[in-house]
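A short worksheet on the structure shown next.
No lab work stands behind these numbers, since they all come straight from the coordinates. Note that the coordinates shown come from a computational prediction; the quantities given were computed from them, not determined experimentally. Don't worry about glycine lacking a Cβ; one is built from the backbone with ideal geometry, like all the others, and counts go over all protein chains shown.
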Amino acid sequence: MNRIGKIERKTNETNISVEINLDGTGKYEINTPIPFFSHMLELLAKTSAMDVSVKVSGDLEHHMIEDTGIALGQTLKQAIGTKEGIQRYGFFLLPMDECLAQCAIDWCNRSTLVFKCKFKYEKVEGMSTDLIEHFFKSLSENASMTINLQLLEGDNEHHKAEALFKAFGKALRMAMQKDPNLKGIPSTKGTI
C-alpha cells in the first residue's frame, strides 16, 4: 500500500500545496519565495528519502513558513495512516561541520515540541531564525508527533539551521520505517 499524502491549504494569506510519498527516494520539487526555506525543505526531503513536492505563495514570510509547517504536518499524518507496523520512534545525531544536532521523534498522536537552539542573529540567508522553531511547532501539532530537536554544538547560523533540518529528516526516516517483524499498532495500548 502506497503511503502518499496530498494537502492543499488556501487561506486569505497563503496558497500552499504539499504532496509526499513516504516510500520515495528523496526526490523533491520545492517552490517557495524564500530561497533559504526552500533549501531547508530540500534537505528535509533528501535526508528523509521522501519524495516531496511543495508549492508556496503568500503575503508574509511568517505566514508562509507557518502554513507550510501546518500543511506538511497534515500531509505526513495523512500519508502515515494507521501507523501499523512502523518503528514509531526515530532518533539521529547529525554532525554538520562545526555543528552537532540531535533529533528524537515519537509518532505518538501527541504533539509536543522541545526546541533548543540559540541563534546569534535575527536572520540567516534572509530568513528569520525564530521561524525555524515556529515551523517545527506547526509541523509537530499537525502531524501529531513529539519532536525533541536540539543543537548541541555550533557557530555558523547556516550550518545550525541545516543541521536541525537534516537531523529531523533522518529521525523521521527511522520513525516512519516499516518493520516486517512488527505487527499491528506499535503500542501496548493497541492504539496510538
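Spin-label pair GLU122-ARG110: with each label point 7 Å from Cα along the Cα-Cβ axis, the two points sit 3.8 nm from one another.
Beyond 14 Å, the tail of the calculated P(r) for region 41-101 holds 71 percent of the Cα pairs.
Most exposed first by the Cβ proxy, i.e. fewest other Cβ within 10 Å, how do ILE70, ILE7, ILE105 rank? Let's see the in-between values first.
Values: ILE70 23, ILE7 20, ILE105 26.
So the ranking, lowest neighbour count to highest, is ILE7, ILE70, ILE105.
Summing +1 for each Lys or Arg and -1 for each Asp or Glu, what net charge is found among the other residues whose Cβ lies under 12 Å from the Cβ of PRO33? For residues surrounding PRO33, the net value is -1.
What is the ratio of the Cα radius of gyration of the chain to 2.2 N^0.38 Å, where N is its residue count, to two decimals? Kindly include the intermediate steps, with their values, before the conclusion.
On the way: Rg = 15.8 Å, N = 192, 2.2 N^0.38 = 16.2 Å.
Expressed relative to 2.2 N^0.38 Å, the Cα Rg reads 0.97.
Less than 12 Å Cβ to Cβ from GLU141, Lys/Arg counted +1 and Asp/Glu -1: what total charge do the surrounding residues give? Kindly include the intermediate steps, with their values, before the conclusion.
Numbers: positive: LYS77, ARG110, LYS137; negative: GLU66.
Combined, the nearby Lys, Arg, Asp and Glu give +2.
What is the local net charge at LYS178, summed over the other residues whose Cβ is closer than 15 Å to its Cβ (Lys, Arg +1; Asp, Glu -1)?
Working: positive: ARG3, LYS83, ARG88, ARG173, LYS183; negative: ASP23, GLU84, ASP179.
Cβ neighbours under 15 Å give a net charge of +2.
Determine the alpha carbon to alpha carbon distance for each of LYS55/LYS123; LYS10/LYS77; LYS55/LYS116; LYS137/LYS178; LYS6/LYS118; LYS55/LYS170 and list only those over 27 Å. Over 27 Å apart, Cα to Cα: LYS55/LYS116; LYS6/LYS118. Here is the list for region 4-98: trypsin sites (Lys or Arg not before Pro) lying in DSSP coil, each with at most 15 other C-beta atoms within 10 angstrom of its C-beta, are LYS27.
Between ASN15 and LYS189, what length comes free when the chain is fully extended (0.36 nm per residue of separation minus the Cα-Cα distance, one decimal in nm)?
Values: separation 174, 0.36 × 174 = 62.64 nm, distance 3.86 nm.
So the extension gain works out to 58.8 nm.
Can you sort SER48, SER17 so the residue with the fewest Cβ neighbours within 10 Å comes first?
Details: SER48 26, SER17 17.
If I rank by nearby Cβ atoms, fewest first, I get SER17, SER48.
Report the gain in length on full extension from GLU84 to GLN177: 0.36 nm times residue separation, minus Cα-Cα distance, nm rounded to one decimal. Mind showing how you got there, number by number?
On the way: separation 93, 0.36 × 93 = 33.48 nm, distance 1.05 nm.
My answer for the length gained is 32.4 nm.
Stretching ASN148 away from ILE4 to a fully extended chain increases their span by 49.3 nm, per 0.36 nm per residue minus the current alpha-carbon distance.
Whole angstrom only: what separates the Cα centroid of region 64-108 from the Cα centroid of region 18-52? Cα centroid of region 64-108 versus Cα centroid of region 18-52: 13 Å apart. The ranking of CYS99, CYS108 by Cβ neighbour count inside 10 Å, starting from the fewest, reads CYS108, CYS99.
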